[in-house]
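The values are calculated or read from the model by the stated rules, or taken from the named source; none is laboratory data. Every value quoted in this text rests on a predicted model; they were computed, and no experiment measured them. Because the Cβ atoms are built from the backbone with ideal geometry, glycine has one as well, and the counts that use them run over all protein chains shown.
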Amino acid sequence: MPIADVTKKQIAQKRRLFLKVCLRCGARNALQATRCRKCHASVLRLKNRSVGLKK
């Protein structure tokens, strides 16, 4: 069900798309994180935010 309210949609997108992912264990971390919250590794990447159709 699509979200009609613009502000609620922006909040949802920020929560779902703006985060870092650990390369070692795959855990989701905060955007300002420098180490993983789960395995304490320092190898983090930004989540892929490309928008497009699923194939």
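State which residue is surrounded by the most Cβ atoms within 10 Å (Cβ to Cβ) when the search covers only the stretch 14-38 and only residues that are within 24 Å of Ile3 (Cβ to Cβ) and not aliphatic (A, V, I, L, M). Across the stretch 14-38, the extreme among qualifying residues is Arg28. Checking the structure you have, find out if any residue of the stretch 39-46 is surrounded by 12 or more Cβ atoms within 10 Å (Cβ to Cβ), modelled with pLDDT under 95 and outside any loop (DSSP other than H, G, I, E, B). Within the stretch 39-46 (the criterion being surrounded by 12 or more Cβ atoms within 10 Å (Cβ to Cβ), modelled with pLDDT under 95 and outside any loop (DSSP other than H, G, I, E, B)), the answer is no, since none of the residues qualifies. All of Arg45, Arg28 fail the test of being at negative phi, touching a residue at least 24 places away in the same chain (Cβ under 8 Å) and touching a strand residue (DSSP E or B) at 6+ places or on another chain (Cβ under 7 Å), apart from Arg45.
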